[in-house]
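The structure appears right after this line, and notes come after that.
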Amino acid sequence: MAGKMWAGRFTKETDERVNDFNSSIKFDARMYRQDIEGSIAHAAMLGECGIIAADDSKKIIEGLQGILADIESGALQFDPTAEDIHMFNEAELTKRIGDAGKRLHTARSRNDQVALDIRMNLKVEIREIQALTKELVETLCKIAENNLTTVMPGYTHLQRAQPITLAHHMMAYAQMLLRDLGRLEDTYKRTNIMPLGSGALAATTYPINRQRVCDLLGFDEITQNSLDGVSDRDFCIELASAISILMMHLSRFSEEIILWCSWEFKFIELDDAYATGSSIMPQKKNPDVTELIRGKTGRVYGDLNTLLVMMKGISLAYDKDMQEDKEAIFDAIDTVKLCLTTFIPMLDTMKVLPENMRNAAAKGFINATDCADYLVKKGLPFRDAYKITGTLVHTCIEKGLTLETLPLEDYKALCETFDTDVYDAISLDTCVMQRKAAGGPAPESVKSQIEYTRNALNAYDK
Ligand code: ARG
């Protein structure tokens, strides 16, 4: 793009390398819509306040609408040599409508303009991430509903610990995701504040009406300090942080899916459409999607770190370092959306193998706590009951038996209190059904969790 707008102050053209280095249009062009909508609101306000002529305001607005339409139809391409999307739109406007176009930037700086554009852009993105997150939560509720009695081992230290159901396990992730939704909602609130009118850093001497721009663009309120208005990127960091935590949850879930579809577990089978093969080993069916999600989580943490480090040492107000905010936050946004978009149908189509889950739960003395609890209910102190059960487990291991198959004589030999009803007390189904405390794995408890979760989702739609 020939001739810089600051050419008056300079006696030389910008070095080509500096031009390229400085340019952000490659990654900020994606804010074209927000840049145009923000400019339209600004021009309308300038006209209403008598800062520019009503006729110029009208020409600017129509010109910008034309640019928007042409970008969206593909008739207008971004100029890769433009410095950024703001300069591109303004130059194009002036090309189209002449002098009136040169009045658009009255009472405005690119510093408050870019702050506005990012906020508007992130508002759209946050809503999209939330919509995908809600879809994932609903998918989990559906899987849970279909698996209320699908018994599986619950683990601690990846050792079989106590029996749960697949429904219970799914609803654990649903709770994490509900909190992710909440974090995104909080971020939205702090993003929804309108910075235009902060000017370069010290606001403006023109009699602007910031509240009018705020209302036109649908923001909650205006920023309260012009220095802060142009130099705050907390909301980007907050969003990157909310996305990082969401990715952490997806990654943890992915790790479990990877384990579950191994031959060692075989709790689930992924649909062929969501698995991949090997170029050499014909038997392979690999969970690449989940591995990529696990891998991409690191990349999103990197984006968060980029933003944190970028901001930690820069003086007020705007510094060019801050141009680096966009690639980082956009990468985090694109990555999480990509992950969610693939993860949801993968989960929705996976085949649950309930028998394998139950078999795994039947081994490994997962009902030992319930065996001890049986004695406690018959009057023994828990510590004594715990010790007796430990000895029983030892006996079983020596004899190659399980608590379910150990003969009553062996039970009685250790403690007279045992009777035939012990077998019912330690059956897997009893173990799960009895855990009906709020939050527990019993089907009725998980049903309430599903109801709670669906109500929480509905509250977002109101
Ligand atoms: N492309 C710039 C950015 O993304 C826009 C703001 C430029 N402001 C300035 N004073 N050079 O940060």
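Where a number appears in this text, it was derived from the coordinates with a stated rule and is not lab data. A quick note: this is a predicted structure, and the numbers were derived from the prediction, not measured. Positions of Cβ are generated from backbone atoms using ideal geometry, with glycine treated the same way; all protein chains shown enter the neighbour counts.
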* Structure fact -> Taking 0.36 nm per residue of separation between Glu128 and Glu256 and subtracting their Cα-Cα distance, the length gained on full extension comes to 43.5 nm
* Chain lengthening between Leu308 and Lys399 when straightened (0.36 nm per residue, less Cα-Cα) -> 26.9 nm
* With the dipole of the chain worked out from charges on the C-beta (+1 for Lys and Arg, -1 for Asp and Glu) around the Cα centre, which of Met176, Gly8, Ala385 lies farthest toward the positive end? -> Ala385
* **Protection proxy ranking, peptides 236-247, 133-144, average beta carbon neighbours within 10 Å, highest first** => 236-247, 133-144
* To do: Go through region 370-380 residue by residue and turn each phi into a ³J(HN,Hα) via Karplus (6.51, -1.76, 1.60, θ = phi - 60°); whole Hz please, and just put x for glycine and proline.
  => 5, 5, 5, 4, 4, 5, 4, 5, 8, x, 6
* Structure fact -> Counting only residues 5 or more apart in sequence or on a different chain, those whose built amide H sits under 5 Å from that of Ile164 are Met152, Gly154
* Asked: Percent relative contact order of the chain, based on C-alpha pairs within less than 8 angstrom and at least six residues apart?
  -> 16
* **Only Lys, Arg (+1) and Asp, Glu (-1) charged, at Cβ; region 92-172 dipole about Cα centre in debye** => 440
* Roughly how tilted is helix 288-312, in degrees to the nearest 10 and between 0 and 90, from the longest Cα axis of the chain? -> 50
* Structure fact -> FRET efficiency for Lys436 and Asp220 from the Cβ-Cβ distance with R0 = 45 Å, rounded to 0.05, comes out at 0.55
* Of Met247, Leu148, Leu227, which is farthest along the charge dipole of the chain in the positive direction, counting Lys and Arg as +1 and Asp and Glu as -1 at C-beta? -> Leu227
* To do: In debye, nearest 20, what is the charge dipole magnitude of the chain about its Cα centre with +1 on Lys and Arg Cβ and -1 on Asp and Glu Cβ, if you could check?
  => 380
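So what is the 222 nm mean residue ellipticity for the chain from helices alone, if each DSSP H run of at least 4 adds -39500 (n - 2.57) and you divide by all residues, rounding to the nearest 500 deg cm²/dmol?
Per the formula, -20500 deg cm²/dmol.
Where both residues lie in the chain, what percent of DSSP beta bridges are antiparallel, nearest 5? Can you show the working numbers first?
Numbers: 9 of 11 bridges.
Restricted to the chain, the bridges split so that about 80 percent are antiparallel.
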* Asked: Using the alpha-carbon atoms, what tilt in degrees (0 to 90, nearest 10) does helix 110-146 show relative to the longest principal axis of the chain?
  -> 20
* Asked: For the residue pair Thr341 and Glu145, what label-to-label distance in nm results when each label sits 7 Å from Cα along the Cα-to-beta-carbon direction?
  -> 2.7
* To do: For every other residue with a beta carbon closer than 14 angstrom to the beta carbon of Leu201, add +1 if it is Lys or Arg and -1 if Asp or Glu, then tell me the sum.
  => -1
* **Ranked list, fewest to most other Cβ atoms within 10 Å of each Cβ, for Asp370, Asp419** => Asp419, Asp370
* **Extension gain, Thr205 back to Ala456 (0.36 nm per residue minus Cα-Cα distance, nm)** => 85.7 nm
* Structure fact -> Counted neighbours (other Cβ, 10 Å), sorted fewest up, put Asp56, Asp215 in the order Asp215, Asp56
* Asked: For the residues Met5, Met194, Met322, what sequence is obtained by ranking on other C-beta atoms within 10 Å, fewest first?
  -> Met5, Met322, Met194
* Count charges around Lys462 for me, please; just the other residues with Cβ under 15 Å from its Cβ, Lys/Arg as +1, Asp/Glu as -1. => +1
